[in-house]
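For reference, the structure is listed below as structure tokens.
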Amino acid sequence: AKREETIGLVDTAKEMIATAQKHLVQPWPTAGDIGAEARGGMVSGDGIYVTDSEGRRLIDGPAGMWCVNAGHRRKELADVLHEQAMALSYNSPWYTMNQPSVTLSQRLADYAPGDLDHVFYTTGGSSAVETALRFMQFANNVKGRPDKKMIISRQGGYHGSTYLSASLNGRPRDHDWMDSASEQVIKLSCPNPFRRPEGMSEQVFCDFLVAEFRTVIEKTGKERIGAFIAEPVMASGGVIIPPQGYLPRMRALCADNDILFIADEVVTAFGRLGHVFASQDVFGITPDMITFAKGVTSGYFPLGGVMISSRLFEDLRRSNHSDAMFAHGLTYSSHPIGCAVALKNLDILEDGLLDHARAISGYFQASLKTLEDLPLVGEVRGLGLMACIECVADRISNNPLTLDLTVGKRIDGHCQDLGLLVRPLINMCVMSPPLTITPSQIDEMVSILRTSIERTQDELVREGLW
Ligand code: PMP
């Protein structure tokens, strides 16, 4: 019976692949296989595990896309989704409002630092970043300084896939074949201590990064720069934790030059670093705006938003253009189901999950760090419940492996055979499991990673690539 069941599953999986290849376009395809590919059919989830269409149970190492913070198959979240859909499935966010979004706004304002007391809801992270940027542009138009609109982002950063948000991205391949509003963006160096110039201390590296920003401000003119945007920890750029003091110093430069500091907390908020928002609680900074998405609903419903400082609204109210309209809004802004799910998700975070995330993060980081004895591993780094294993060609030079080796993909392949999904990123594997993960599940994860990296090393040697 078991065999029949398995055969059935394989047939279903094959059918899923065949249909996907005919009709589904998955994100980030390449021209060679666009509209004809199929990656990883998934059918169910439970806690930190997902089951794929062939019946394999896998640890969900990246928690989907850094988002399933409360874990899969949470009945409370499913129930509230259903209940809200039955009570009020949708209302216009423009000429009406709903209780869940109002209650959620108050709770988020309580958590947000400083006077970030207002929320504009969106459908995800890209639309949150887009909203923050368009708000900056609008505010500067209203304040009579239409030239103050340049945006400063960083190499290695990721902020979204809408036109303006994507223009900020700075990872390899982000702009090779894509148009962007590059004339509106200046990119600073990536604050990656692992790749700092040889012989430079971390402190001097930090000084260099801050000086670089200061020079850009002087050269461009502060009257032309509207905002600086930064992920407190760069996520899809490879879990890059900036040098000590970097964020407060960049924040201070922004304040001194009347440049808005936008913290892109799409990944770092809602428990990933042990707090609802990380800007103040982890890094001691109060941004002018914070963008969030993903973990706000643990991925059970698409929702994002921007926390906005009261001061920015007061400036607008004092302006001479009280009739100027912020002509920006989404059909699904303040979605009642998304906001109801987010409220329940906040309950879960408050009810022990944040405490658990903070308590377990030390063990999570220390366990992954043990993998640094493997010759292929250049560095294991991380903070809270996000981590990255970076593979290198050799540990003396720390040179990156060539892209063609796609070593991350190879490791991911072996991991999947052994029951773990990791997120391959060129020569890196990124880990951000559901926050519910236990010590024994961490052990399981690390042991699979060790075997998979060893298998990859053997394979690279066998193929004469390493
Ligand atoms: N900002 C950051 C920091 C992100 O990691 C992402 C998504 N990976 C986004 C923005 C875009 O969010 P979304 O995919 O929900 O539009």
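For this structure, a couple of remarks:
- Filtered by the rule that a residue be β-branched (Val, Ile, Thr) and touching a helix residue (DSSP H, G or I) at 6+ places or on another chain (Cβ under 6 Å), the stretch 236-262 gives a lone residue, 262.
- Residues of the stretch 417-443 that are farther than 25 Å from residue 270 by Cα, of a type outside the set (Val, Ile, Thr) and in contact with a Gly (Cβ under 8 Å, 6 or more places away or on another chain): 427 alone.
- Scanning the stretch 367-374 finds one or more residues that are at pLDDT 95 or above and either under 30 Å from residue 84 (Cα atoms) or part of a loop (DSSP other than H, G, I, E, B) (or both).
- Residue 358 passes every criterion in (1) closer than 21 Å to residue 271 by Cβ; (2) more than 21 Å from the chain's Cα centre (by Cα); (3) among the charged types (D, E, K, R) apart from (2).
- Note on the stretch 49-72: residues that are closer than 21 Å to residue 269 by Cα and either surrounded by fewer than 22 Cβ atoms within 10 Å (Cβ to Cβ) or not aliphatic (A, V, I, L, M) (or both) amount to 10.
- Selected residue (only one of 273, 260, 247 is surrounded by 22 or more Cβ atoms within 10 Å (Cβ to Cβ), over 16 Å from residue 361 (Cα atoms) and touching a residue at least 60 places away in the same chain (Cβ under 8 Å)): 260
- For the stretch 157-192, a residue qualifies if it is free of Cβ contacts under 8 Å to residues at least 60 places away in the same chain and touching a His at 6+ places or on another chain (Cβ under 7 Å), and the qualifying residues are 165, 169.
- Flag if residue 90 is farther than 30 Å from residue 192 by Cα, at pLDDT 95 or above and within 15 Å of the ligand (Cβ to nearest atom): no
- Only residues that are within 16 Å of the ligand (Cβ to nearest atom), of a type outside the set (S, T, N, Q) and more than 20 Å from residue 278 (Cβ to Cβ) were counted across the stretch 137-157, and they come to 2.
- Filter result for residue 395 (among the basic types (Lys, Arg) and touching a residue at least 60 places away in the same chain (Cβ under 8 Å)): no
- Every condition in (1) closer than 21 Å to residue 267 by Cα; (2) within 16 Å of the ligand (Cβ to nearest atom) holds for residue 178 except the one numbered (1).
- Residue that is in contact (Cβ under 8 Å) with a residue 24 or more places away in the chain, surrounded by fewer than 23 Cβ atoms within 10 Å (Cβ to Cβ), under 30 Å from residue 278 (Cα atoms) and out of contact with any Cys (no Cβ under 8 Å at 6 or more places or on another chain), where the choices are 351, 315: 315
- Tabulated pairs, the stretch 370-388, first surrounded by fewer than 18 Cβ atoms within 10 Å (Cβ to Cβ), second in a loop (DSSP other than H, G, I, E, B), C-beta under 7 angstrom, 6+ apart or interchain: 375/395
- Residue check: residue 160 meets all listed conditions (1) within 16 Å of the ligand (Cβ to nearest atom); (2) touching a strand residue (DSSP E or B) at 6+ places or on another chain (Cβ under 6 Å); (3) of a type outside the set (Lys, Arg) but one, namely (2).
- Criterion: within 16 Å of the ligand (Cβ to nearest atom), in contact with a Gly (Cβ under 9 Å, 6 or more places away or on another chain) and basic (Lys, Arg) - qualifying residue of 134, 171: 171
- Residue 122 vs. criteria closer than 21 Å to residue 289 by Cα, β-branched (Val, Ile, Thr) and crowded, with 19+ Cβ neighbours inside 10 Å: yes
- Flag for residue 161 being under 27 Å from residue 292 (Cα atoms) and among the polar types (S, T, N, Q): yes
- Test: residue in the stretch 85-103 that is under 30 Å from residue 26 (Cα atoms) and surrounded by 24 or more Cβ atoms within 10 Å (Cβ to Cβ): no
- Among helices (runs of 4 or more DSSP H) entirely within the stretch 43-156, having at least 2 residues that are touching a residue at least 12 places away in the same chain (Cβ under 8 Å), among the hydrophobic types (A, V, I, L, M, F, W, C) and over 28 Å from residue 280 (Cβ atoms) singles out 75-87.
- Hits in the stretch 182-218 (condition: among the hydrophobic types (A, V, I, L, M, F, W, C), more than 22 Å from the chain's Cα centre (by Cα) and within 21 Å of residue 136 (Cα to Cα)): 213, 216, 217
The values are calculated or read from the model by the stated rules, or taken from the named source; none is laboratory data. Model, not experiment: these values are computed from the prediction. As a convention, Cβ positions derive from the backbone with ideal geometry for all residues, glycine included, and neighbour counts pool all protein chains shown.
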